[in-house]
Amino acid sequence: MKVVVNEDRCVGNGVCESIAADLFVVDDDAIARPQLDEIPADRYEAALEAVRACPSQALRISE
Ligand code: SF4
């Protein structure tokens with residue numbers, strides 16, 4: 001599974017990066033970029049937490 005960022009919704013506030021900096025980095029364009037092609041099993045909960053915490057509902061987990 002992987003995390004997908006809706007770039008039209010992302011406002012670049014870095015909430016996801018603050019939760020899981022290994023999974024997300026906000027780039028110079030103020031868009032969160034996934035850092036891994038696959039979410040490691042032991043980071044799935046952190047990914048879910050970031051999805052839930054994103055105030056713009058810009059994140060989702062995809063198969
Ligand atoms: S928490 Fe959401 S809006 Fe904020 S940087 Fe991450 S994806 Fe973008």
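The values are calculated or read from the model by the stated rules, or taken from the named source; none is laboratory data. Note that the structure is predicted; figures quoted are calculated from it, not measured. With ideal geometry, Cβ positions are generated from the backbone for all residues, glycine too; neighbour counts draw on all protein chains shown. To get the accessible areas, we keep the full protein, side chains included, count just its heavy atoms, and leave off ligands, DNA and RNA. Shrake-Rupley method; radii C 1.70, N 1.55, O 1.52, S 1.80 Å.
Quick notes on this one:
- For Met1: the one exception among (1) open to solvent by 50 Å² or more (accessible area, probe 1.4 Å); (2) within 12 Å of the ligand (Cβ to nearest atom): (2)
- Looking only at region 15-63, and only at residues there that are away from the ligand (no atom under 12 Å from the Cβ) and among the β-branched types (Val, Ile, Thr), the one that is least open to solvent (accessible area, probe 1.4 Å): Ile39
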